[in-house]
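Structure first, commentary second.
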Amino acid sequence: MKLCSYVGCRTPWDLFSWIRNENMANTLTSSVIKTLFINPCCFQNPYIIATRNLSAASLLISKSIPCTISNPNSTFKHRNKKSFHTSTCSKTFWERDPKGGYVSKEKRSTIKTIREGLGELKNEIQLWKEEVKEKFEFDPLLLCRPGETDIFWQFGTEASNSKWVTTADSDHNEGFSTCELVTSPAGKGLFRGNLCTAVPKDGKVKKAGYCNMRCTRARKSFKRDSFYDWRMYTHLVIKVRGDGRPYFLNISTMGYFDVFWNDVYHYALYTRGGPYWQVSKVPFSKFFLSSKGRIQDKQAPVNLDRVSHFGISLGDKVEGPFQLEIDYIGLEFDPTHTEEFAYEMYQLPKFIAAN
Amino acid sequence: MLGPKVFNHSICLSCLISRAPVPLPFRYVKSCLRITGGTELSRAFTVSKIYASKNNVDQKDIVPKEYFDKVGNKNKQNYLDMVRIFEGRGAHRRGHVEFIYSALRHMEEFGVHKDLEAYKRLIDVFPKGKFIPTNIFQAEFMHYPKQQQCAIDLLEQMEENGVIPDAETEDILLNIFGKSGHPLRKYWRMMYWMPKFKNLNPWPLPNPVPNDSLELAKLALQQMSSVDLQSSVTEYKTSDVKDSVDDTWVVSVQSPTQMELLEAHPEETPIFVEGAFRVWLRNTSVNYFILRADPTPLSNYDNIASDPDDVGELKTPFEEPVNSAVRLAPSVHEQEEGTVLAMCATGTSSRDSLLSWIRLLQEANPRLSVIPVLFSLRSPFGQVIPIHHPEENQQSSAKVSDK
């Protein structure tokens, strides 16, 4: 039987000093000490010393060395996850899934999955039929007239609202903000909710307070991923009636490899507030690249043929209710806009930034 | 007891911190461990009480928890004094990382969380010179990680609070961490992006916004009425109105176009006072009300459903009567959901103050005296925030008539 125990000391010196003080060198043979290893976690963490030898571990525990002890039955990975962080700590270079660990923990029975899958088959075949038809017709949009807005998402109906997913920090018990996308009294989309910056006292979350809405992934039939191709356009046009708060427009360009999974291009959408509609024309050249909320050193214009999602989020650190009424989100081609990318790049000395 | 002996002992310092330029022979390290017993050595580097063993009564926290809590008068001057006191406690500045983290946590209480000077004083607490890497390996592997992380966290807090550092901050950081330090990289990133984002808002607001609710209301109405450049914000006193109960201010905004629309409004159709709605100015919100008319019906010309592909009913343009239903393009105030005729914010947001607002508007808009005005709790413009009045029924709608 393999048993694991973990003992966390603040420094390896704690352990060595304890061994020396207690004359433990005799009890703990060198072979036992060899089974102890130190986990090089991030610096705020206590050093975690693990042993595969339960007797050695219990010996360490029984002598009151300054250490923390975890559940002996837990796995090492589990222990790592539960350890206290004051900042995000990346344990590995690779990412397990595109959702960054926020996958649904719901267990589904196989029969239920099959039944639901068969239910979806009808819609998928319909989609596939459309695709085949499209292929034979071959009538793509070849020209977009300057100054005309092609509406991409129109809001206001239940069907249009269902294409969007709203998320907030309260979804994963990482905050207390709430939000929803409903139909407004004027018959348009209304993204509303309450932003709360209170941090839950779980010792892990440092900051809280975001609300977000994101469209479902661009896809083909049978759940195959695809991308929106916006290369023909230069501007994103959005007709909103806001409440004076600044929002973020997010264009995700998910790549194939895990390092590109979280590539999101942002730009701010400032709202006027008041009863008047506002049409904002945001050039794609102004969008800047970030990953997991951190602006990247190496910037590049948006890959407009690789747009996987579009979203709007709020996180202005101001507690209180918000509402953003959205009429449509469209695209426009403006031939007078010649700017390719708004942010100049510099050649830096080696190893200073990611270049 | 170990005391200061260890720290004067060059071997111990070198072997433990492993920062010696020349690696020491192993036997020195061993002898050193034997001399000092190891335990005290490790404790000398342990700053938190949690990890110190109980029988060590001499152990003191470097930064007591109540260091900032016990200050009676929490202001900027006292905050800077606390930093000065810490710096004066010894040449070694022992526990400065803990001190800075503690100081960062208490910034908001002292009201210095948006103050560049306070941040600069805190960065200045780091000892100069010691943390500068001397070779490329040290530079690459984050020399003095705890200190560098502390400085990065400090800069991050500046970023969170929208404080843009200045050139002097760079000099201080350069003297502490050298040009390859991670805090410097963070600083350069901040200096690239923060000025770019600083003035993005097309409706600029003072930072911080004023505390006075009247000034806030003026700012809010100016911002909202920026759709029509001719709009003018006017401030009234309700005491100027006869029979008014509340004594407060009313800030109203109306443009000449709105006056014309109101003048052309038919007598029999009512107009509505709706609200309150909320508008945010940075971190504060203002409640406002609108005077709304039902949307203008489209003219006959717009209602003609014409199918350009239908050839069943061709017309010659010469025979067609001149279409007199052609009208001017609707103004910005004529929204789909209704026509906005005026906006206001009042000191109390009470129904009485709104009544006074309508009366005050009558001076410039004489037609208001004949048009029925309804106070509505619903609006096609969105959900209204209920304003609670103990004496009034929620469903009642008061009719104003000055006939």
Rounded to whole Hz and in sequence order, give me ³J(HN,Hα) for the range B:350-356 from the Karplus expression 6.51 cos²θ - 1.76 cosθ + 1.60, θ = phi - 60°, writing x for Gly and Pro.
8, 5, 5, 5, 5, 4, 5
Return the aspartates and glutamates within reach of A:LYS122: Cα separation strictly under 17 angstrom, same-chain partners fewer than 8 residues apart disregarded; answer none if there are no such residues.
A:GLU130, A:GLU131
Looking at this model, which pairs from A:LYS223/A:LYS292; A:LYS281/B:LYS218; A:LYS317/B:LYS114; A:LYS163/A:LYS188 are more than 18 angstrom apart at the alpha-carbon?
A:LYS223/A:LYS292; A:LYS281/B:LYS218
Partners for B:LYS179 among aspartates and glutamates (Cα-Cα distance below 13 Å; same-chain residues under 8 apart left out):
B:GLU140, B:GLU170, B:ASP171
Checking buried surface per residue: for the range A:282-329, which residues lose a minimum of 20 Å² accessible area in the protein assembly relative to the chain alone (1.4 Å probe)?
A:PHE288, A:ARG294, A:ILE295, A:ASP297, A:LYS317, A:VAL318, A:PRO321, A:GLN323
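Of all the accessible heavy-atom surface of the range A:145-332, with the other protein chains kept in place and a 1.4 Å probe, what percent is carbon and sulfur?
On the way: 4060 of 8080 Å².
Roughly 50 percent of what the probe reaches on the range A:145-332 is carbon or sulfur.
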Where a Cα-Cα gap under 20 Å defines reach, which aspartates and glutamates qualify for A:LYS112, not counting those fewer than 8 residues away within the same chain?
A:GLU120, A:GLU124
What does the buried accessible surface come to for B and A, summed over both chains, with the probe at 1.4 Å? Round to 100 Å².
4400 Å²
Compute the accessible area of each residue in the range A:206-245 twice, once for its chain alone and once with every protein chain present, using a 1.4 Å probe on heavy atoms, and list those whose area falls by at least 10 Å².
A:LYS206, A:LYS207, A:LYS239, A:ARG241, A:ASP243, A:GLY244, A:ARG245
For the range B:331-363, list whatever residues lose no less than 30 Å² of accessible surface once every protein chain is in place, relative to that chain by itself, with the probe at 1.4 Å.
B:GLN335, B:GLU336, B:GLU337
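Counting only other residues whose beta carbon sits under 11 Å from that of B:HIS333, what net charge do I get with K and R as +1, D and E as -1?
Numbers: positive: B:ARG292; negative: B:ASP228, B:GLU260, B:GLU334.
That sum, taken over residues with Cβ under 11 Å, equals -2.
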Around B:VAL71, under 11 Å between beta carbons, what's the net of Lys plus Arg minus Asp minus Glu among the other residues?
-2
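Tell me the net charge near A:LEU269. Cut-off is 15 Å between Cβ atoms, A:LEU269 excluded, with +1 for each Lys or Arg and -1 for each Asp or Glu.
On the way: positive: A:ARG214, A:LYS239, A:ARG241, A:ARG245, A:ARG272, A:LYS281, A:LYS286; negative: A:ASP243, A:ASP316, A:GLU325, A:ASP327.
So the environment of A:LEU269 carries a net charge of +3.
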Counting only protein heavy atoms with a 1.4 Å probe and every protein chain in place, the carbon and sulfur fraction of the accessible surface of the range B:208-302 in whole percent equals 49 percent
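Is there a pair in A:LYS201/B:LYS146; A:LYS206/A:LYS239; A:LYS206/B:LYS196 whose C-alpha atoms are over 32 Å apart, and which pairs would that be?
On the way: A:LYS201/B:LYS146 24 Å; A:LYS206/A:LYS239 34 Å; A:LYS206/B:LYS196 26 Å.
Listed pairs above 32 Å: A:LYS206/A:LYS239.
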Take B:PHE141, A:PHE310, A:PHE257 and sort them by solvent-accessible surface of the protein heavy atoms, 1.4 Å probe, largest at the top.
B:PHE141, A:PHE257, A:PHE310
Under Karplus coefficients 6.51, -1.76 and 1.60, residue-wise ³J(HN,Hα) of the range A:212-223 in Hz, glycine/proline x:
8, 10, 9, 6, 5, 4, 4, 8, 9, 5, 6, 6
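The values are calculated or read from the model by the stated rules, or taken from the named source; none is laboratory data. This one's a predicted model, so the numbers in the text were calculated from it and none came from an experiment. With ideal geometry, Cβ positions are generated from the backbone for all residues, glycine too; neighbour counts draw on all protein chains shown. What goes into the accessible areas is simple: the full protein's heavy atoms, side chains included, and nothing from ligands, DNA or RNA. Shrake-Rupley method; radii C 1.70, N 1.55, O 1.52, S 1.80 Å.
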